[in-house]
Amino acid sequence: MDAEASTDSVQQDMFTVLHGQPAPVVTRWSYRSEDPFAITLAVRTRQDRWVEWLVARDLVREALDAAAGEGDIRMSPQVVQGYDIVEIEIRSTDGRAVLEVDRDLLRHFVDSTAELVAFGDEPTRMDLDGEIAKLTASAG
């Protein structure tokens, strides 16, 4: 599936295998330059709802070549029946899901995000003082 890009965001839908299930599910990967550290991973449910997770862009990038992540989201490159994939394990208090996505498609998406914001340039794209002010104002 092709990536849709604008000057400030990129989005790509991909067929993903939910471990142990015969039919693929659709996942939507989104990145916005205004939130340069995060990628949104959304999974479409059978009821046509989207369930979303925010994932560190660095974690997704690292997972293309090596196991990455701690806690609720872990990713690792695998070869399954001759296919290069990235296995994504998502945990919550309700359970666990394992997704498998084509590694080349994911790499293409990550490369598209770097065209918007180069790796290492994320801090220059955010108003960190403004974000801190929002957080401290909402805590008071």
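A few comments on the model shown:
- The single condition among (1) within 15 Å of residue 112 (Cα to Cα); (2) touching a helix residue (DSSP H, G or I) at 6+ places or on another chain (Cβ under 8 Å) that residue 69 does not satisfy is (1).
- Yes/no for residue 58 being charged (D, E, K, R), within 14 Å of the chain's Cα centre (by Cα) and within 22 Å of residue 30 (Cβ to Cβ): yes
- In this entry, residue 66 passes the filter for residues that are surrounded by fewer than 12 Cβ atoms within 10 Å (Cβ to Cβ), modelled with pLDDT of 95 or more, out of contact with any Leu (no Cβ under 6 Å at 6 or more places or on another chain) and not in a strand (DSSP E or B).
- A single entry from 103, 61 fulfils the requirement of being farther than 16 Å from residue 42 by Cα, surrounded by 18 or more Cβ atoms within 10 Å (Cβ to Cβ), of a type in the set (Lys, Arg) and touching an Asp or Glu at 6+ places or on another chain (Cβ under 7 Å): 103.
- Looking across region 41-56, the residues that are charged (D, E, K, R) and either assigned to a strand (DSSP E or B) or touching a residue at least 60 places away in the same chain (Cβ under 8 Å) (or both) come down to 44, 52.
- Screening 101, 117, 60 for residues that are in contact (Cβ under 8 Å) with a residue 40 or more places away in the chain, of a type in the set (A, V, I, L, M, F, W, C) and in contact with a Pro (Cβ under 8 Å, 6 or more places away or on another chain) leaves exactly one candidate, 117.
- Looking only at residues in region 106-135 that are surrounded by 10 or more Cβ atoms within 10 Å (Cβ to Cβ) and small (Gly, Ala, Ser), the one that is farthest from the chain's Cα centre (by Cα) is 133.
- Among the residues making up region 102-115, a single one is among the aliphatic types (A, V, I, L, M), within 15 Å of residue 88 (Cα to Cα) and out of contact with any Leu (no Cβ under 9 Å at 6 or more places or on another chain): 105.
- Scanning region 11-18 for any residue that is free of Cβ contacts under 8 Å to residues at least 60 places away in the same chain, among the acidic types (Asp, Glu) and out of contact with any strand residue (DSSP E or B) (no Cβ under 6 Å at 6 or more places or on another chain) turns up nothing.
- For residue 36: the one exception among (1) crowded, with 17+ Cβ neighbours inside 10 Å; (2) touching a residue at least 12 places away in the same chain (Cβ under 8 Å); (3) closer than 19 Å to residue 103 by Cα: (3)
- When we screen 86, 98 for residues that are over 24 Å from residue 32 (Cβ atoms), part of a strand (DSSP E or B) and within 15 Å of the chain's Cα centre (by Cα), the only hit is 98.
- If the condition is being outside any helix (DSSP H, G or I) and out of contact with any Pro (no Cβ under 7 Å at 6 or more places or on another chain), then region 120-140 contributes 120, 121, 127, 140.
The values are calculated or read from the model by the stated rules, or taken from the named source; none is laboratory data. Computed from a prediction, not measured in an experiment: that's the story for all the values here. When we count neighbours, we look across all protein chains shown, and the Cβ atoms used for this are built from the backbone with ideal geometry, even at glycine.
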